[in-house]
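Let me begin by presenting the structure, written as structure tokens, before commenting on it.
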Amino acid sequence: MRYRNRREAGRMLAARLRYLKAHRPVVLGLPHGGVVVADEIAEALAAPLDALLIGEIVAPRRPRAVIGAVGEHGVVVSNPALVRKLGISPGDFGRAAAHAKAEVARRAAVYHPWSSPVAVGGQTVILVADGITTGVTVRAAIRVLRARSAARIVLAAPVAPLDVLRAVSRHVDQTVCPLPLRRRTAVALWYHDFRDVAEADVLSLLPREHAQP
């Protein structure tokens, strides 16, 4: 099975999550592509939509190697196996993390210039990605949501490796994934259309009070 695009993936997830409508959940997408998937879920559940800002920590001189992730509340998560494999020093990791934190701060100023993010304290939160590979970004997002006092976290992703789903399931209340994989592969392989999503396109999906130009 392959999804036509993120919109189709979002509709498929929404069908599996409709039972949560009575719980009045908050839907949070991981930028950029996760917000497109989340938009379909939020519309189906008549739920508020926002972006959860997480920054990838990228290895020096290896732009495709994600060695960790950062988020609000000082959250920093590493990918220890990859850090060791690439021989990343603590100093290099710290500098890369600082760069990721600066990018999260920049995005926060763009996404929430005149207001705070949607409140999640005491709420059921549906955390949405357009796909998961290593799970490091999702783990950072979960820690941010726990720090923001989310009462219940449901992780929703169209495609993800089974081992990662099992690992993160210990930290959330439920996982929903129509396409669990036996081995890790690129998320793009499971979409016919997986074109990049621009920041402007993400902002156009969010409520105006949360995304002023």
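The values are calculated or read from the model by the stated rules, or taken from the named source; none is laboratory data. These figures come from a predicted structure and were not determined experimentally. Please note: Cβ atoms are built from the backbone with ideal geometry, for glycine as well, and neighbour counts cover all protein chains shown.
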Next on the checklist: Looking at (1) touching a Ser or Thr at 6+ places or on another chain (Cβ under 9 Å); (2) modelled with pLDDT under 95, which one does Pro213 not meet, given that it meets all the others?
Outcome noted: (1)
Checklist entry - List pairs: first in the stretch 162-174 and closer than 19 Å to Tyr19 by Cα, second assigned to a helix (DSSP H, G or I), Cβ under 8 Å, 6+ apart or cross-chain? => result Val172/Ile142
Checklist entry - In the stretch 180-206, what count of residues is obtained for those that are part of a helix (DSSP H, G or I), within 17 Å of the chain's Cα centre (by Cα) and farther than 24 Å from Val164 by Cα? => result 5
Checklist entry - Quick one: how many residues across the stretch 174-186 are of a type in the set (Val, Ile, Thr) and modelled with pLDDT of 95 or more? => result 2
Checklist outcome for this item: Among Val110, Val66, Val77, the single one that is under 19 Å from Leu203 (Cβ atoms) and touching a residue at least 40 places away in the same chain (Cβ under 8 Å) is Val110
Checklist entry - Which one of these does Thr175 not meet: (1) of a type in the set (Ser, Thr, Tyr); (2) touching a helix residue (DSSP H, G or I) at 6+ places or on another chain (Cβ under 6 Å); (3) at positive phi? => result (3)
Checklist entry - Do you know which residues across the stretch 40-56 are touching a Gly at 6+ places or on another chain (Cβ under 6 Å) and without any contact (Cβ under 8 Å) to a residue 60 or more places away in the chain? => result Glu40
